[in-house]
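Only one structure is covered here, and it is reproduced in the block below.
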Amino acid sequence: MNPDPPEPDHEAWSAAMSETEVRVDGHDLTMAYRDEGPEDAHPVIFLHGIPTWSFLWRRIAPAFEDEYRAIVPDMLGYGESDRRDSFDRSIRAQEDALQELIDDLGLGVVSLVAHDIGGGVALRYAAHHPDRVETLVLSNAVCYDSWPVEFVSELGLPSTAEMDRGEFEGRLDFAFADGLYGDEPDPEFVEGLKAPWLREDGRRALARAAVATNTNHTTEIDYDVIDSRTYCIWGADDVMQPVAYGERLAEDLGGEVVRLEDAYHWVVEDRPAGYREALAEALA
């Protein structure tokens, strides 16, 4: 692990992404992803949540590119991936997209590092492919009946697509700037996570993503069949996905909990050095 990785800005991050076609929900859709590190190294796939995109991992994934093949996709409907209207953005559909990406890249056994609803995607994939996930790292992840949260549910209302830019950007500032533990958020983090949603189609795309949050897609998981080494690296002060859910996951999956204090939901931004250290130990 590189303990002090470079931190690309969001434009450089986007410019370095590749694309592939995946077929989900009867649609051929474009999925964008970052793919760095030795091609023959063990693949580690980083999955983001809502309302973020792959740039969430800017301080984490680059630190592992010397030792692992670090693959960081934008889920369908997010970031640089396909955001057209009228296809399913639920975690059930995102699991199908993940499988298509893994197959398209010719990957066998992978490790999954996942945050928020990306955790729900990772849990579903690990349950349906227990022999193809070596290590499962979950961070402030949706699971069981822990979601959706009120803030996200409200974004799923039709009024989000009609919101004026000022009010909409204020909602995003509340999520990204006010949602960090410290008093002075890094402006590149806030601006970078906002950027895809501030495009012309952004309000509609976020409304479609938010309305697709469905708690049934994690309550239906057979957690008993997951056979991966499991670590819950959790921001201990999160009120949206409390650490009690990480403790429940660890108990049910025979895993471990790493509590990162002084961290809310955006644990990878609140405690990047501590997160990198805990993740290095989990992957090792």
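The values are calculated or read from the model by the stated rules, or taken from the named source; none is laboratory data. Here the structure is a predicted model, which is why all the values come from computation and not from measurement. Here Cβ is always computed from backbone atoms with ideal geometry, including for glycine, and neighbour counts include all displayed protein chains. For the accessible areas, the whole protein counts, side chains as well, though only heavy atoms, and no ligand, DNA or RNA atoms are used. Shrake-Rupley method; radii C 1.70, N 1.55, O 1.52, S 1.80 Å.
Within region 254-284, count every residue that is in contact with a helix residue (DSSP H, G or I) (Cβ under 7 Å, 6 or more places away or on another chain), in a helix (DSSP H, G or I) and either of a type in the set (D, E, K, R) or more than 12 Å from Y181 (Cα to Cα) (or both).
3
When you scan region 228-253, how many residues do you find that are within 16 Å of E134 (Cα to Cα) and either under 17 Å from the mean Cα position of the chain (by Cα) or in a helix (DSSP H, G or I) (or both)?
5
Among the residues of region 75-96, is there at least one that is part of a loop (DSSP other than H, G, I, E, B), of a type outside the set (A, V, I, L, M) and under 18 Å from V133 (Cα atoms)?
Within region 75-96, not a single residue is part of a loop (DSSP other than H, G, I, E, B), of a type outside the set (A, V, I, L, M) and under 18 Å from V133 (Cα atoms).
Among the numbered conditions (1) open to solvent by less than 10 Å² (accessible area, probe 1.4 Å); (2) in a helix (DSSP H, G or I); (3) of a type outside the set (K, R), tell me where D103 comes up short.
Every listed condition holds for D103 apart from (1).
Let's see how each residue does on (1) of a type in the set (A, V, I, L, M); (2) out of contact with any Cys (no Cβ under 7 Å at 6 or more places or on another chain); (3) more than 16 Å from N214 (Cβ to Cβ):
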position: R69; (1), (2), (3): no, yes, yes
position: V110; (1), (2), (3): yes, yes, yes
position: A114; (1), (2), (3): yes, yes, yes
position: D131; (1), (2), (3): no, yes, yes
position: N140; (1), (2), (3): no, yes, yes
position: Y144; (1), (2), (3): no, yes, no
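Just to be sure I understand, how many residues within region 85-114 are free of Cβ contacts under 8 Å to residues at least 24 places away in the same chain and charged (D, E, K, R)?
1
For region 158-195, name all the residues that are touching a residue at least 24 places away in the same chain (Cβ under 8 Å) and acidic (D, E).
Across region 158-195, the qualifying residues are E162, E169, D186, E188, E191.
Suppose the filter is assigned to a helix (DSSP H, G or I) and open to solvent by less than 20 Å² (accessible area, probe 1.4 Å); does I71 pass it?
no
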